[in-house]
Each structure stands twice: as structure tokens, then as C-alpha cells.
Amino acid sequence: MKSNLIISENIRCIIVDDEDLVRERFRIGFPLAENGFEIVGEAEDGEEALELCKQLNPDIVITDIVMPRMDGLQLTEHLKALMPRVKVIILSNYQEFDFARKAVQLGAIGYLLKITSGHRELLDLLERTRKEIELDRELLLEKIQERHRFQQSKPLLRKQFIMNVMDQMYASPESIRKEFTMLELHPLSYGFTIAYLEIDKFAELKQTFHSRDISLFKYVLMHMIEEVSSTHYNGNLFPWTEENSLCLWLHWDSAYQMEQAESQVYALFQKINEFIKLYLPFTVTSGFSKAKRLSLDHGQLPIHLKEAVQEAISATSQRFYNNLGMVYTYTNFVPYHALGEAHKQNLNNSLQSINPFLDDSSLRRSLYEEVLSKIQEQHVQPAQLISWLEELTKHWTANDPLGATSLIDSLEMVEVLQDVEAYLLRLMQWKRTIQVLSSKDHQFRIEIQDALDYINTHFHKPISVTDVCQHHQISPNYFSHLFKAQTGSNFSDYVTHYRMQAAKKLLNETTLQVQEISERVGIADYKYFTRLFRRSTGQTPSAFREQSKSSS
């Protein structure tokens, strides 16, 4: 019987082709999102795609064969070696048939003819691939469950014990030793190092997988770290304050081990990262402290332990200005600077200068790069930068509390500097859209007004750019550009926003079931609707309805 423990709401795809039109066809021309497939990235060649795969951990890569730098066959080989869980679908022309067959021999799941394959062929192959992915996950679960004797309370007790030690809650060294024995921790020794780990893009992970799956993934991660580290070292692993964080307390038996600690711990976490890439659908960033001398009998343990934990967390925070999925040492840590009021005002002024150029992608990018450069040069403390973004959002969305909630909730996805750019773009596009739609003097061109009327009339059915363009006999490329210029939003985002507004109205004014409301606003997949609604409002549909009832 099929287990329902691993449930992925969307299958994540990367499209690889050196032709813009081919990538655009997948992005716009195929009904992927409504069938549960999400394009999370695009690349023009295999080399770029491989780097993207390491960052995004997709489920499926759809790739052309003949490309510059690294072709589709080489990409397939690399993915099979480095990320065997990723499924590959080959795009080929008639004259590339032998290459396509070779790709299948190398591990690709199948191939599509670029020119003649339509919606049905693509979706059939994607559905077959989805089944293989689900089967892989089922097999992984079976392996996990065979060894799964997870005692839920013990890791939490261990975490509380460490915090109590740092807060000097124990009267004597003997009471600390007694806790170590009771919690089955490795005995104390000559010295120690603290490592801090964070699961990257955890907010996105929670949107993709069921909470039970995430608990199991975390169990696998903890088991993996314990298994790899215990081969050469004595250590204690426990969850930390955030749900995506762990701490590893490594013990050293001699002064010589302490001298070698930095290189040894770095190599250990590089090895752990290799296993994570092989078996889990996410990356982990880790950082570790300097080695500390353990002086239990002189009351120094709480001081040294607190210092080591702070160093490890600071080391890990270096990912913000660098990369996810890496190992960082505290010895390379550069202290952050506070974000002062003058610097905030400087950034605010820079953002205001971008607003008139949102439709000019090249100019917009150069202006954003200027803002990000200022942040990087100042080396702003990441937490203070997030606070500034929250302040900015509240100020700009003062007249739209729901919009503010949705935007602020998405701040938890900001983990690296590049995420700041994406967030600012979303915030400014939201501001632009509200300005345009609320302007009494604004007049839409007739083609766009017709499109808006079409959405108003047909939003309860599947709608695509192609449908609207066929209805009004207009070029899709021209229409997409015109729609963005006139409304400040792309077509699919506008339709989604319209549907979510309609859904909120139905939730407030009717007693219809959520699944029925999903269908009435044109989204057949109830889970997909729930995810879109949560992105839009920061709440599930049921929670939104309850809040509306209690406030009325």
C-alpha cells in the first residue's frame, strides 16, 4: 500500500536550452503549474545548469542535447554522479536521435522531440517521471522507517541541558557530569568545538513538503551527521533554537587534536555536505567556532560554551554575503556593521530612484546592483537589514494590511543578499501595481482593457496568455510586454491576484467548502490553491475565514 508520508505539492523543474524561445515555450506555452510542475530555474548550457542544480535541488531537469560549453549528455553524466535523485528529460531533434538514446542509457528518463511534441506528450512524460520520484521517496521512507526509533524528547532535553549549562544553572561539575550520563552524551574531555548548522531555504521547503516529511528529512539529516562524525570523532548533536538549526558539540582528547581542529572539522562538514547532496532535497550551511579548552572544574565551561555557540552562529551567518550550502570558519568571520539611520535613508533614496525604471530591465538591474553594492560595502548586519526591509514594507503598504502581511511573511525566505534583490523587486512591483490600479486618471489601452474584462469573465476557468491572445488576435510576446507596461504586473501574477481576491470574497460571504471555492476561482488543484492563497495572504483559507469571522 502506498504511503502518504512524503507529499510534494509541486515537482521542481529546471529548463536547459540555449534557445530563448524554447525556454519561453516551457515557461509560458505549457500548462505546467496547474498540473503540479514548477519551473524554478533556467539555464543556457549544461555548465550553468549544473551550478543551478547545486543551488536549487530540482526534481527534474529538462535539457537540450547540443549546447555550448557542456552538452546535455555531459550534464546527464554529471547529474547521475553528483545528484542521482534528479531525473533528466532530454529534448532532441530528429537528427539527434542517437544522442537521445545514449542519454537514456546514461540515465535520462526519456526524451521529447523539440518541434513536434505537444502538451500531452510532455505531461505524459512528466507524470511518468513524477511517479518515479514518488517511488524513490517511498523507498527512502522505507529505509528510514526500518531504522526509525526516534525518541522525540531526548534531543529537546539535550538542547535544554546545553542552554542550562550556558545559563549557569548547575551547582557543581558533578551535576553536569551526571546529566551527561543520563542523556547519553559523550563524556567531557580536554577541549571542544561547537558547529552550528542551518537547513537552507527552509521556508520554501515547508511550502513544498508536508510537515511530516520535513520531520523525517530532519531525522535523516541528524542520523547522517551522527554517523559520519562518529567515525572519527566524539560528538553530541542536538536541535537548536530555530526549527531548521542544529548544534554539534565535538570533543577533543588532547592539545594536538585541538591544534588540528579547524582543518579536521572543515573536512568533516565537507563530507557531510556530499552526503546531503546525494540523499536530501536541500542544502545545509554550517559554521564552527574556534577550539576551546574545557575547564569544568574551574567554572569556565558556561563562559566558553556560550562564546563557542556565538562564534559558530556568527560563522554560519557568513552565508548571507557568500553562498548557501557551504562550510564557514569563525577565523574568517568579519564583524558586521550596524545599519544607521543615515544609511537607511541613503538606501531609501536609492530605491525611490529605481521606481520610474521598473519596466527597463537592464537599467533596473544596474540600479539594484548599486543598492546591493551599498549594502555589501557597509557589511550590514543581516538581521538589521531584514528589520529595515520590514519597516520599509510596513511604510509602503500602510493602506493595505493584507498586502503587508503577505510581503512581510515572505521575508523569511530572505537568506542571502541575492534574495534581498528579489524581495525589493517584488515590493516595488506591488507598489507600482497599486499605484496604477488605484489611479482615477489611469486609462488602459483597449487591448489591455479587453484582457482585463476577459479575466473578469473567465477567471473561474483555466486562463492562459495564449487564450487571451487568440481571443483578441494579438501576438503573445507583444501582449505580455504591453500587459506588464500597463499594469505593472505580469499576466499570470495578475490572474492569480484576481483569483485570490475572488476567493477572499467567497470565504467572507459564503459557507462554501474551501475545495469548492478553489474550483469556483478556476483552480482545480485544491493543494495548489491553498499554497497560492497562503503566499498571497500569509494565511491558509480556513485561517483567513476564521479571522474574518472573529473581526466582524
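Worth pointing out:
- Rounded to the nearest whole Hz, the Karplus-based 3J(HN,Hα) values (6.51 cos²θ - 1.76 cosθ + 1.60, θ = phi - 60°) of segment 130-137 follow the sequence 4, 4, 5, 4, 5, 5, 4, 5, with x at glycine and proline.
- Segment Ser492-Tyr526, length gained on full extension (0.36 nm per residue, minus Cα span): 10.4 nm
- Pairwise Cα inverse-distance average, inverted: Kirkwood Rh of the chain (Å): 26.4
- Based on Cα contacts under 8 Å between residues 6+ apart, the chain shows a relative contact order of 11 percent.
- Kirkwood's formula applied to the C-alpha pairs of segment 280-323 gives a hydrodynamic radius of 12.0 angstrom.
- Cut-off under 5 Å, modelled amide H: who pairs with Asn93 long-range: Lys114
- Calculated FRET efficiency for the pair Leu113/Ala543, C-beta based, R₀ 30 Å, to 0.05: 0.05
- Site pair Ala267 and Leu21 shows an inter-label distance of 5.4 nm when each label is modelled 7 Å from Cα along Cα→Cβ.
- Reachable lysines from Lys306, criterion Cα separation under 18 angstrom, eight or more residues apart if same chain: Lys159, Lys290, Lys292
- Its Cα gyration tensor gives segment 446-551 an equivalent ellipsoid; the semi-axes, largest first and in whole Å, are 29, 13, 11.
- Here Lys87 is the anchor, and the lysines within straight C-alpha reach of less than 18 Å, apart from those fewer than 8 places off in the same chain, are Lys54, Lys102, Lys131, Lys277.
- Entries of Lys206/Lys527; Lys461/Lys484; Lys114/Lys461 with Cα pairs more than 18 Å apart: Lys461/Lys484; Lys114/Lys461
- Rounded to two decimals, the Cα-based Rg/Rh of segment 11-147, with Kirkwood Rh, is 0.96.
- Cα centroid of segment 452-511 to Cα centroid of segment 310-350, whole Å: 40
- A full extension of the chain between Lys131 and Tyr190 corresponds to an added length of 16.1 nm, given 0.36 nm per residue minus the alpha carbon distance.
- Cα centroid separation, segment 522-550 to segment 8-57 (Å): 26
- Shown in residue order for segment 331-341 are the 3J(HN,Hα) couplings computed by the Karplus curve 6.51 cos²θ - 1.76 cosθ + 1.60 at θ = phi - 60°: 4, 9, 6, 9, x, 7, 10, 6, 8, x, 4 Hz (x for Gly and Pro).
- Highest-first arrangement of 27-35, 497-505, where packing means the average Cβ count within 10 Å: 497-505, 27-35
- With N as its number of residues, segment 153-332 has a Cα radius of gyration that, divided by 2.2 N^0.38 Å, comes to 1.00.
- In plain terms, the chain from Ser175 to Gln418 could stretch by 82.8 nm, reckoned as 0.36 nm per residue minus the Cα-Cα distance.
- Interchain or long-range residues, amide H under 5 Å from Arg12's placed H: Glu38, Asp59, Ile60
- Here Asn164 and His210 are evaluated by their C-beta separation; at R0 = 25 Å the FRET efficiency comes out at 0.15.
- Over segment 446-551, relative contact order from alpha-carbon pairs under 8 Å, at least 6 apart, %: 24
The numbers here are math on the coordinates, done by the rules we state, and not lab data. Since the structure is predicted, the reported quantities are computational estimates derived from the model, not experimental observations. Using ideal geometry, Cβ is built from the backbone for each residue, glycine included, and neighbour counts are taken over all protein chains shown.
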